[in-house]
Every structure is written in C-alpha cells, then in structure tokens.
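This report refers to the structure that appears directly beneath it.
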Amino acid sequence: MVLQHAQVAVRRQGVITVVMQRVHLNDLSGYLLETGKAGTLLDLAAIAEEDEEIEIGRGKVHRRRAGETLHPTTLNFSAMRGGLKKPGT
C-alpha cells in the first residue's frame, strides 16, 4: 500500500525523498536499492568510517574525518560506538 501511494505521488510531482535509518535488509530502503528504484543515494554512517567529502550543492563540500559523528555536539561517540549494528544483524 505504501509503495502504491508513493508511485501515485511520483507521477504527480516527480520526486520522492526517503529519509530513514536502516533497520533491516528488507526495509523500504533495502527494497528500493534491490529493485533499482532508489535513484540518488546519500549514505551517511553515524560515525564516519574514513575521511570523506560530501557534496552539498552549489559547489560546496562538507568534510568529515574518520571517527567523526554526524553531529559531534549532540552525538556522543563513545556511547554510540557500543550500540551500532549493521542492518539486518
């Protein structure tokens, strides 16, 4: 039902943005990736696994260092490190 509704919205407006935390290999993001319906994917780990540059539009880039959290002032690295799992585990 959700996908049927999403398809109707795409036909009318042309764009759907899915923002979610992966919780399982067969969740909505997993389905979209598996079927090739995902379009553009922005995949941000809660803790950067390596140094990265993320294009944010209009020629601007956001830089993250390995080990840095998405929002260092609010996400406690040591608390997160023990609680993160890969999707489907």
Considering only region 41-58, state which residues are part of a strand (DSSP E or B), under 18 Å from Pro72 (Cα atoms) and open to solvent by 40 Å² or more (accessible area, probe 1.4 Å). Glu52, Glu53
List the number of the failed condition for Val10; all other conditions in (1) modelled with pLDDT of 85 or more; (2) open to solvent by less than 100 Å² (accessible area, probe 1.4 Å); (3) farther than 30 Å from Pro72 by Cβ hold. (1)
Tell me which residues, restricted to region 23-40, are of a type outside the set (D, E, K, R) and surrounded by 10 or more Cβ atoms within 10 Å (Cβ to Cβ). Val23, His24, Leu25, Asn26, Leu28, Ser29, Gly30, Tyr31, Leu32, Leu33, Ala38, Gly39
Taking Thr74 as meeting all but one of (1) of a type outside the set (A, V, I, L, M); (2) surrounded by fewer than 11 Cβ atoms within 10 Å (Cβ to Cβ); (3) modelled with pLDDT of 85 or more, write down the number of the exception. (3)
Could you list, ordered by first residue, the pairs with Cβ atoms under 6 Å in which the first is in region 54-68 and without any contact (Cβ under 8 Å) to a residue 24 or more places away in the chain and the second is in a loop (DSSP other than H, G, I, E, B), at least 6 apart or interchain? Arg64/Ala48; Arg65/Asp51; Ala66/Ala48; Ala66/Glu50; Ala66/Asp51; Glu68/Ala48
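The values are calculated or read from the model by the stated rules, or taken from the named source; none is laboratory data. Model, not experiment: these values are computed from the prediction. Reconstructed Cβ throughout: ideal geometry from the backbone, glycine too, with neighbour counts over all protein chains shown. Surface accessibility is based on the protein's heavy atoms, side chains included, excluding ligands, DNA and RNA. Shrake-Rupley method; radii C 1.70, N 1.55, O 1.52, S 1.80 Å.
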